[in-house]
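What follows is calculated from the coordinates using simple rules that are stated; it is not laboratory data. The model shown is predicted, which means the values in this text are computed figures rather than measured ones. Cβ: placed from backbone, ideal geometry, glycine included. Neighbour counts: every protein chain shown.
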Amino acid sequence: MSPLAIIWFLLIGVLIFGYFALDGFDLGAGVLYPVLGRSEADRAVIRRSIGPVWDGNEVWLLTAGGALFAAFAPAYATSFSGFYLAIMLVLFGLIVRAVSLEFRAHDAAWARLYDVMFVVGSLLPALLCGVAVGNVIAGIPLDANGDFTGTFFTLLTPFTLSCGVLGLVHMLVQGSAWIALKAPEDAEGAELAERARALRGKLVLAEALVFAFVSACFFVSVVPNGAGVEVTFLAAFFAVLYAVSLLVAGRGGCDLRAFLVEELGCAALVGIAASTLFPNLINATKPAFAITIEHAAGSDLTLAIMLGIALIGVPIVLVYHVVAYRVFRGRLKRGDLTY
């Protein structure tokens, strides 16, 4: 197996982590919008907390898709054809969410409709991305040419749906941690932050239970891909890291610490998924038809050129995020909640 192919496998994992960690908290905040946003002032806080950053966060999803196309074209073709309806629903959700956020600020008469669109547009990607990852791990029906032979409902199994719920609950924990971190320091903001902290503790417990169910489903119904002992230990390491992040996030105290360890939990979940998949990119219900890293990778020349581009582009994106989050750091102020 080409070292460049392995590097690209790891790089795509990093890009997926970037999306999960950054867009996860604003999707979670969007789903929690009607739960924690009990007043118009609370809802304004939630909108404003993600307003300056949500569009930049979505760049990581586009970058991950482009990297998959450039480095592993057969895997890109199979995933985008097999998950066509799911991907369209995710894009629909992202578009609806963007429209609702922008239009609500300029059309107060339809505020209730835009609020519903905001919640739905946040819920669809948060749930379906996890379902897609669950299918990649569990295996999808492929033929010898790598073509998807199932239907949309073939992708909905107890394991894949539980993976979707796990991803959703983790994003809800991220969202509640973010809202607690950004709530204003006045009395009303302190009340919102306290509700978010209390909800975060309950969601962490729910996430631990869902993870236990996902793990049980995996060991009962998902056929292992024959990974070596090293990969198994790596998956176990990430599982321990994930458990630690849940324990720390579930405790009260520093809002920033709780938020950061939830981001660490994103890295652990992506690490578990990658370790479970390796050396495949997409598992198949018939293991012989699985799409492997070795067979899906482009030529070394293509991978080397794209790696050079990535080494230039990714740091630029990181610098943008550092600047954006530094400019909008700290708790919100009541006089700056227009979004």
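What to note about this one:
- Between Cys254 and Glu188, the simple spin-label model (points 7 angstrom out along Cα→Cβ) gives 3.0 nm.
- Simple label model, 7 Å out from Cα along Cβ direction - Ala111 to His295, nm: 5.7
- Value of [θ]222 nm, deg cm²/dmol, for the chain, DSSP H segments ≥ 4, -39500 (n - 2.57) each, nearest 500: -26000 deg cm²/dmol
- Under Stokes-Einstein, with the Kirkwood radius over Cα pairs as Rh, the value for the stretch 266-339 at 4 °C and 1.567 mPa s is 78 µm²/s.
- Extension gain, Ile316 to Met1: 0.36 nm times the residue separation minus the Cα-Cα distance gives 110.4 nm.
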